[in-house]
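Reviewing the structure listed below.
The values are calculated or read from the model by the stated rules, or taken from the named source; none is laboratory data. On a predicted model such as this, the values are computed, not experimentally measured, just so you know. For neighbour counting, all protein chains shown are included, and Cβ atoms are generated from backbone atoms with ideal geometry for every residue, glycine included.
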Amino acid sequence: MKLKKYEHNPVLSPNPANKWENLVTCNPGAWYENGKFYMLYRAAGDDPEHFIHIGLAESNDGFHFLRSQDTPVLSPDRNSFDGGSVEDPRIVKFGDEFYMTYAFRPYPPRQYWKNEYDAVHCYRHNEFTPNCLKSNIGNTALAVSKDLKHFKKVGRLTEPSLDDRDVILFPEKINGKFYMLHRPKDYVGAEYGTEQPSIWIKSSDDLMTWNVPSKLLIKSEEQWEIKVGGNTPPIRTTEGWLLLYHGVDEKYTYRIGACLLDLDDPTKVLYRTQDFIMEPETDFEKKGLYQWGVVFPTGSVLVDDTLYVYYGASDQWCCVATANIHELLAFIKSNTKNKQV
């Protein structure tokens, strides 16, 4: 089974009228409430420094989106920890407040797609310096909002010394604790039980103190997933927490798999697809800034029986794919090779 891609993708493209988003609009977080779809997307212009922002678009049907405003809802603070980029938002809601995790870099990454794969440098004091603050590593912070338009930056969620992205909060407390998925790039080697960056999970009592040791949750097993990372906030279903994750193969192509985690103990994987459910196929997904081919969801919403998956295509466009939730859950259970129930 593969997710069904919208035939008129992309649903959001770079806007030449706005300098902050005239080159990139991708990797959208998503929310659905009161009949409206919200998409918070990563955006950047054609500036050589490549400062990265987050914008907001809205839709009544999940396919036709209009920008909510001409300015970003979140931008780098050049005199603070996230001075170079705010990107790849993931959204959950507790009570009447939205909680958005976002990746950041202390300095702008310049036009990284011109480098070798996974090599990000920085732009500092009008000079190109390849090694500032441990090579300008990516990290993750938290911002909160009541309307998805005005955000309060709360601060860093992950350890300063780690390159730690793909940080995702579970949308509700489980047995009195908050849970977070993350992908610390340095957690590799015999002592960690994995030879490639993997998905880890840990808990917190208060959403800000995450000093409990992490547990390895998902590591690479198939040829299409030499390394893995989480994608969308888990969705509660009758069969478990539905999580979409990405695998990167030896040619640096990004594909999407799915798994189900135990509802009462999300450190336990119940089912996990052996085959991917989405891969780069179209020109938008293979011929954008990221030439190796990428589909990268950062948001999904469930409306009735339809799952809407919002994803970035080739680091340049926002797209959407859908699936019947019952068919997808049945496929995950039938396609698994490591049943643990």
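Inside the range 16-63, residues that are touching a strand residue (DSSP E or B) at 6+ places or on another chain (Cβ under 7 Å), part of a loop (DSSP other than H, G, I, E, B) and in contact (Cβ under 8 Å) with a residue 40 or more places away in the chain make up a count of 6. Only a single criterion out of (1) touching a Pro at 6+ places or on another chain (Cβ under 9 Å); (2) more than 17 Å from GLY299 (Cα to Cα); (3) crowded, with 16+ Cβ neighbours inside 10 Å is not satisfied by MET39, namely (2).
Residue count for the range 112-123, restricted to those that are over 20 Å from the mean Cα position of the chain (by Cα) and not basic (Lys, Arg): 5.
Among residues of the range 158-171 being free of Cβ contacts under 8 Å to residues at least 60 places away in the same chain and either touching a helix residue (DSSP H, G or I) at 6+ places or on another chain (Cβ under 8 Å) or in a loop (DSSP other than H, G, I, E, B) (or both), the one that is surrounded by the most Cβ atoms within 10 Å (Cβ to Cβ) is THR158.
Given the condition among the charged types (D, E, K, R), buried (at least 21 other Cβ atoms within 10 Å of the Cβ), in a strand (DSSP E or B) and touching an Asp or Glu at 6+ places or on another chain (Cβ under 9 Å), answer yes or no: does some residue in the range 172-180 qualify? No, every residue in the range 172-180 fails to be among the charged types (D, E, K, R), buried (at least 21 other Cβ atoms within 10 Å of the Cβ), in a strand (DSSP E or B) and touching an Asp or Glu at 6+ places or on another chain (Cβ under 9 Å). Is it the case that the range 278-296 has a residue that's of a type outside the set (A, V, I, L, M, F, W, C), part of a helix (DSSP H, G or I) and touching a strand residue (DSSP E or B) at 6+ places or on another chain (Cβ under 7 Å)? Among the residues of the range 278-296, at least one is of a type outside the set (A, V, I, L, M, F, W, C), part of a helix (DSSP H, G or I) and touching a strand residue (DSSP E or B) at 6+ places or on another chain (Cβ under 7 Å), which makes the answer yes. Pairing each residue of the range 311-324 that is on the phi > 0 side of the Ramachandran plot with any residue that is assigned to a strand (DSSP E or B) and polar (S, T, N, Q), provided the two are 6+ apart or on different chains, yields C-beta distances under 9 Å for ASP315/ASN27.
Considering the range 181-201, the residues that are touching a Pro at 6+ places or on another chain (Cβ under 7 Å) and not in a loop (DSSP other than H, G, I, E, B) include one that is farthest from GLY138 (Cα to Cα), namely ILE201.
Looking only at the range 66-121, residues that are surrounded by 21 or more Cβ atoms within 10 Å (Cβ to Cβ) and acidic (Asp, Glu) come to 3 in all. Just so you know, in the range 64-75 the residues that are in a strand (DSSP E or B) and in contact (Cβ under 8 Å) with a residue 24 or more places away in the chain include one that is nearest to the chain's Cα centre (by Cα), and it is LEU74. Summed over the range 13-52, residues that are of a type in the set (A, V, I, L, M, F, W, C) and more than 17 Å from the chain's Cα centre (by Cα) total 5. Checking every residue in the range 212-229 against the condition of being modelled with pLDDT of 95 or more, buried (at least 21 other Cβ atoms within 10 Å of the Cβ) and under 16 Å from LEU328 (Cα atoms) gives zero matches. Of all the residues in the range 285-321, those that are surrounded by fewer than 21 Cβ atoms within 10 Å (Cβ to Cβ) and within 14 Å of ALA258 (Cβ to Cβ) number 1.
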